[in-house]
Amino acid sequence: TLDEKLADLPKRLPLLSMMNVKYVYLPFLLVDPSLQQIASIPVVTGTTTRLSLHLYENLNVMPRIYAVREPRFVSGEREALLGVIQERDFRAQTWIECATCTEKLAEHGAIGEIELAPGKARMTVTSDRGTWVVLSESFYPGWRVTVDGKESELYPANYLFMAAYVSGGEHSVEFIYT
């Protein structure tokens, strides 16, 4: 029912935030601290029924590129998907598919200068002990990552996207689709 969907939607907003969804159209009013209503647009239906679409800005949208605060390592797709659909705060935790990565515990690093182009994302990454960097592009064959020009390992992150480990210091990181 519509009431069930209305009750369920706020629980799903973190997924939209993780997927970089900044704006949401809804055919009903919704009050949630993570959404700010921007506009209400009347829709002509050809009947006497009045309908409006409401445009909201998602105030918790995640950046396309970010340094992970707390990595959660899982051994496969199923475990990652189960974690992601239950996660409520992707700013705090990122699900990375890598059963052998527990030794790569890291701190929250800083992402500096970012250059984006089709099939390419280049950034500066700084951390004292090392950090995980997530690029919100589909984890798909053909993507690769380099750190200071040297090939590095890509891992699925949050079931959909990709992550790379970057050791401590300041580094140039480049995700490239070939």
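The values are calculated or read from the model by the stated rules, or taken from the named source; none is laboratory data. What you see is a predicted model, and the numbers here were worked out from it, not measured in a lab. With ideal geometry, Cβ positions are generated from the backbone for all residues, glycine too; neighbour counts draw on all protein chains shown. Quick note on the areas: whole protein, heavy atoms, side chains included, nothing else; ligands and nucleic acids left out. Shrake-Rupley method; radii C 1.70, N 1.55, O 1.52, S 1.80 Å.
Points to keep in mind about this one:
- Within segment 89-104, the residues that satisfy the criterion of being closer than 30 Å to S34 by Cα and modelled with pLDDT under 90 are R91, A92.
- Criterion (open to solvent by 60 Å² or more (accessible area, probe 1.4 Å) and outside any loop (DSSP other than H, G, I, E, B)) met by exactly one of E174, E170: E170
- Of all residues in segment 120-137, those satisfying the criterion of being closer than 18 Å to R69 by Cα, without any contact (Cβ under 8 Å) to a residue 60 or more places away in the chain and crowded, with 17+ Cβ neighbours inside 10 Å are M123, V125, G130.
- For segment 61-80, the set of residues classified as open to solvent by 70 Å² or more (accessible area, probe 1.4 Å) and either farther than 26 Å from E174 by Cα or in contact with a His (Cβ under 9 Å, 6 or more places away or on another chain) (or both) consists of R69, E70, R78, E79, listed by residue number.
- Of the residues making up segment 155-167, those that are over 22 Å from L82 (Cβ atoms) and either in contact with a His (Cβ under 9 Å, 6 or more places away or on another chain) or open to solvent by 30 Å² or more (accessible area, probe 1.4 Å) (or both) are Y165, S167.
- If you go through segment 133-163 and pick out every residue that is of a type outside the set (V, I, T), under 19 Å from P118 (Cα atoms) and part of a strand (DSSP E or B), you end up with 6.
- Segment 1-17: number of residues that are of a type in the set (A, V, I, L, M) and touching a Ser or Thr at 6+ places or on another chain (Cβ under 8 Å): 1
- Within segment 12-26, the set of residues being touching a residue at least 24 places away in the same chain (Cβ under 8 Å), out of contact with any helix residue (DSSP H, G or I) (no Cβ under 8 Å at 6 or more places or on another chain) and part of a helix (DSSP H, G or I) comprises L13, P14, L16, S17.
- Residue match in segment 24-43 (condition: touching a Lys or Arg at 6+ places or on another chain (Cβ under 6 Å), open to solvent by less than 50 Å² (accessible area, probe 1.4 Å) and either modelled with pLDDT of 95 or more or not basic (K, R) (or both)): no
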